[in-house]
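The values are calculated or read from the model by the stated rules, or taken from the named source; none is laboratory data. All values reported here derive from a predicted model rather than from experimental measurement. Methodologically, a virtual Cβ is constructed for each residue, glycine included, from the backbone with ideal geometry; neighbour enumeration extends over all protein chains shown. Please note that ligands, DNA and RNA were not included when accessible areas were found on the heavy atoms of the full protein model with its side chains. Shrake-Rupley method; radii C 1.70, N 1.55, O 1.52, S 1.80 Å.
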Amino acid sequence: MKFSRKEYSNETLIHLYESLLRPRLIEEKMLILLRQNKISKWFSGIGQEAISVGITAALEKDEYILPMHRNLGVFVGREMPFDRLFAQWQGTMKGYTKGRDRSFHFGTNEHHIVGMISHLGPQNGVADGIALASKLKKEKKVTVVFNGDGGTSEGDFHESINVAAVWDLPVIFVIENNGYGLSTPSNEQFRCKQFIDKAIGYGIEGVQVDGNNILEVYGTVKKLAGSLRKNPRPILLECITFRMRGHEEASGTKYVPKELMDTWAKKDPLDNFEKYLLKEEVIDQKTVDGNRKKIKKEIEEGLAGAFEETHPEANTEIEFKDVYAPFDQVVANPSSEKKSEKRFIDAISDGLRQSMEKHSNLVLMGQDIADYGGVFKITEGFVKQFGKERVRNTPLCEAAIVGTGLGLSIKGMKAMVEMQFADFVTEGFNQIVNNLAKTHWRWGQPADVVVRMPTGAGTAAGPFHSQSNEAWFFHTPGLKIVYPSNPYDAKGLLCAAIEDPNPYMYFEHKLLYRSIKDLVPDDYYTIEIGKAKLLSEGNDLSIITYGMGVHWAQEILSEMKEIKADLLDLRTLLPWDKESVEQTVKKTNRVLILHEDTLTGGIGGEIAAWISENCFNHLDAPVMRVASLDTAIPFAPTLENNFLPKGRLKNKIEELLKF
Ligand SMILES: Cc1ncc(C[n+]2csc(CCOP(=O)(O)OP(=O)(O)O)c2C)c(N)n1
């Protein structure tokens, strides 16, 4: 291995050497502890340390790094206290996740590190968001995100590089090309000869380095980072290396040919650098021995601190409390009586515009939302008022953009992501349910993102432009869900969702956009989250519903004049208003839950279960549900009408009353 020390001082070389030695010695210790059954799992980065170490040393301390499972060198390079780092692996309170997540799955803003979730890929979108925030704030900072060669097959990788390319984001996308993804060799993972060739396809620069040569990695990244700070743009950095141990310790390396192991053993980044420094007389054997002794002592001290504690005592209240970032909503009332007639769509647009005026850190992202104004024209005129930096057209890449939203919130900004149709949220699903929803609970980082979801059927748009998919998210702790049924609520709930630092799914029914209007305050206001609204009152039965269900119920009730019903509009689905539900059940003793979503596994099932468990003595009839058929949504209007529950509502009311 050829080293070129360039202009580096002895101090720099020794710093790099010690930074390489630390993770190696920690790992050697962890492998012993693993054999002694004192730690649970270990992903080894032995042989690859020069990449994490060189990159971390080349960056400024407040530049974000998004490492993976083999990047111990990043955590150590950022001078994370050993006792806390080791405690994190032990799942104790001294760690970074209150025992909730394992190994390297955590972030800390103090050290400007955002660790991966287990899923490979989503870290790239988050890196885009951090880089976008840095760029918008004109900070001249670089963000670095790590990938294994196997992980590059994931869609998130592709989407995020594409976004960074189109938006000129200062991100270094690192690929540690180490020959294997778990047991799968490169030739079964990708067809390209080398990853820098892929950079061409994204229209960005690709740079390849010997990932085992610390000076090459350090020097290259230092130069690239300097250039990116001045001239923001993404770079694909391919680091050629090899995985010297199994995927994780239990999986072994039987499938790796011995010759490969032997060849790469000779290229060990630490041994080679140590030999070079000894030869150049930058260090001597005494320093080598002294350093090892010193670091081993630091490790032992760290371990003693980490092993002081056992696993945390479970406290259900705290577990629930941390699901959401703390936020005491103060409901904002309009500052004047001024009102004007607004359609549902105008109310949403108005709320969004006023939120943009109120929160200068709010960024809107979505397909065609800039000059075109979005396919439904919600953001028409926004570019003129707020500029293209804050009203951003995105490429077709829902996952990367939701991830970008999280990245923005890590940098203290707010994001609104418009799904062109709620159906397409499937492409961003992982980022929502695993990243947005869990990040606060895992390591205390709020995900200040509102995802707007144009939803619902009735427009003969077929199975992929009509879905009601709120139940997918209802099952995910950490999200909040609002679903307004009228223009007043649409504006107030949107403004409230944007104020709250927690992640929201905001459902807006497309059929209501232009079909209903109302007198809506012109000023900014918010509506209490988690509060249902009783829209009409009667003693015969309670109809509990939301969204389009409200309008169907109103229409049918106006036809069934002899029947007097409580009509409860939930408005917020997560957390839903149990108190108001309980009140109406106790009053009418008969409950019908109505929703546009399909029956099985719909939100109605949960509410019905809760009522039967908590209000059983107040029921004169079983809780009944009416919902869409358990099929996909058909295109032809006759079939669609048959699918939707409206046509069955009247009979169901009669059935319930007869019981
Ligand atoms: C989305 C996703 N699919 C599958 C896995 C399981 N998995 C964890 S690591 C791994 C192999 C990763 O290979 P590579 O990206 O090359 O990184 P390396 O382990 O070689 O450093 C797999 C398949 C995962 N974590 N996430």
Item checked: Charge dipole magnitude, Cβ of K and R +1, D and E -1 - the range 389-445, Cα centre, debye nearest 20 -> 360 debye
Next item on the list: Rounded to whole Hz and in sequence order, give me ³J(HN,Hα) for the range 628-645 from the Karplus expression 6.51 cos²θ - 1.76 cosθ + 1.60, θ = phi - 60°, writing x for Gly and Pro.
Entry: 6, 5, 7, 9, 6, 8, x, 7, 4, x, 5, 5, 5, 4, 5, 5, 6, x
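Just the accessible area per residue of the range 573-624, please: how many Å² with a 1.4 Å probe?
42 Å²
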Check: Taking a probe of 1.4 angstrom, what is the accessible area of residue 511 in Å², to the nearest 10?
Finding: 70 Å²
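Could you order the peptides 42-52, 606-616, 566-576, 82-92 from most to least packed, using the average number of other C-beta atoms within 10 Å per residue? It would help to have the intermediate numbers written out before the result.
Working: 42-52: 25.4, 606-616: 15.5, 566-576: 23.4, 82-92: 21.1.
Peptide ranking by packing, descending: 42-52, 566-576, 82-92, 606-616.
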Notebook entry, point to check: When N is the residue count of the range 54-177, what does its C-alpha Rg come to as a fraction of 2.2 N^0.38 Å?
Noted result: 1.04
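How long are the three semi-axes of the equivalent ellipsoid for the range 240-357, computed from the Cα gyration tensor as the root of 5 times each eigenvalue, in whole Å, largest first?
On the way: eigenvalues 709, 129, 88 Å².
So the three semi-axes of the range 240-357 are 60, 25, 21 Å.
Calculate what fraction, in whole %, of the accessible area of the chain sits on carbon and sulfur atoms when a 1.4 Å probe is rolled over the protein chains. Numbers along the way, then the final one.
Values: 13500 of 26600 Å².
Carbon with sulfur: 51 percent of the solvent-accessible area.
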Margin query: Can you bin every Cα-Cα distance in the range 53-99 into 5 Å intervals starting at zero and give me the percent of pairs per bin, rounded to whole numbers?
Written below: 5, 21, 26, 23, 16, 7, 1
Check: Where the Cα atoms of the range 21-81 are projected onto their three principal axes, how long is each span, largest first, in whole Å?
Finding: 38, 20, 17
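Counting Lys and Arg as +1 and Asp and Glu as -1, what is the net charge of the other residues whose Cβ lies under 14 Å from the Cβ of residue 597?
Values: positive: 625, 646; negative: 423, 470, 596, 606, 630.
So the surrounding residues net to -3.
Can you work out the accessible area per residue across the range 9-165, with the rest of the protein chains kept in place, probe 1.4 Å, in square angstrom?
Numbers: 4720 Å² over 157 residues.
Dividing the accessible area of the range 9-165 by its residue count gives 30 Å².
The range 534-633: Rg/Rh from Cα coordinates, Kirkwood Rh? Display every interim value, and only then the final one.
Numbers: Rg = 12.7 Å, Rh = 13.5 Å.
That ratio equals 0.94.
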Notebook entry, point to check: Can you list the aspartates and glutamates whose alpha carbon sits under 17 Å from that of residue 140, skipping same-chain ones fewer than 8 residues off?
Noted result: 60, 62, 63, 128, 168, 389
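Could you rank 1, 261, 30 by how accessible they are, 1.4 Å probe, largest area first? Mind showing how you got there, number by number?
Details: 1 85, 261 30, 30 0 Å².
Putting 1, 261, 30 in descending order of accessible area: 1, 261, 30.
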Notebook entry, point to check: With +1 on each Lys and Arg Cβ and -1 on each Asp and Glu Cβ, how big is the dipole of the chain about its Cα centre, in debye rounded to the nearest 20?
Noted result: 1140 debye
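Rolling a 1.4 angstrom probe over the protein heavy atoms, how many square angstrom per residue are accessible across the range 472-532?
Numbers: 1590 Å² over 61 residues.
Result: 26 Å² per residue.
By the scheme Lys and Arg +1, Asp and Glu -1, what is the net charge of all other residues having a beta-carbon under 14 Å from that of residue 243? The partial results should precede the final answer.
Values: positive: 70, 245, 254, 267; negative: 27, 49, 149, 176, 248, 249, 268.
Local net charge: -3.
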Note to self: Counting just the Cα atoms, what span does the chain cover along each of its three principal axes? Round to the nearest Å and put the largest first.
What the structure shows: 97, 54, 48
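Do me a favour and compute the ellipsoid semi-axes for the range 158-262 from its Cα gyration tensor, root of five times each eigenvalue, largest one first, whole Å.
On the way: eigenvalues 166, 53, 24 Å².
Taking √(5λ) for each Cα gyration eigenvalue gives 29, 16, 11 Å.
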Notebook entry, point to check: Treating the beta-carbon of each Lys and Arg as +1 and of each Asp and Glu as -1, no other charges, what is the dipole magnitude of the range 107-233 about its Cα centre, to the nearest 20 debye?
Noted result: 680 debye
Check: Exactly which GluC sites (Glu not before Pro) in the range 371-439 are in a DSSP loop and have at most 16 other Cβ atoms within 10 Å?
Finding: 380, 389
Check: Where in the chain are the helices, taken as whole DSSP H runs, whose Cα atoms extend 30 angstrom or more along the long axis and whose Kyte-Doolittle mean reaches at least -1.0?
Finding: 10-35
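Among the listed pairs 531/652; 358/411; 411/531; 230/414; 198/222; 41/266, which are separated by more than 21 Å between their Cα atoms? Spell out each step's value before the answer.
On the way: 531/652 26 Å; 358/411 18 Å; 411/531 31 Å; 230/414 25 Å; 198/222 23 Å; 41/266 27 Å.
Correct reply: 531/652; 411/531; 230/414; 198/222; 41/266.
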Note to self: Need the C-alpha centroid separation for the range 489-535 versus the range 402-421, integer Å.
What the structure shows: 19 Å
Check: Expressed in nm², what is the orientationally averaged projection area of the convex hull enclosing the Cα positions of the range 1-103?
Finding: 7.4 nm²
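Go through 98/296; 533/586; 2/293; 141/223; 517/650; 98/321 and tell me which ones have a Cα-Cα distance over 18 Å in this structure. Please list the in-between numbers first.
Values: 98/296 27 Å; 533/586 16 Å; 2/293 28 Å; 141/223 13 Å; 517/650 26 Å; 98/321 13 Å.
Violating the 18 Å limit, Cα to Cα: 98/296; 2/293; 517/650.
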Next item on the list: Count the net charge of all other residues whose Cβ sits under 15 Å from the Cβ of residue 511, scoring Lys and Arg as +1 and Asp and Glu as -1.
Entry: -1
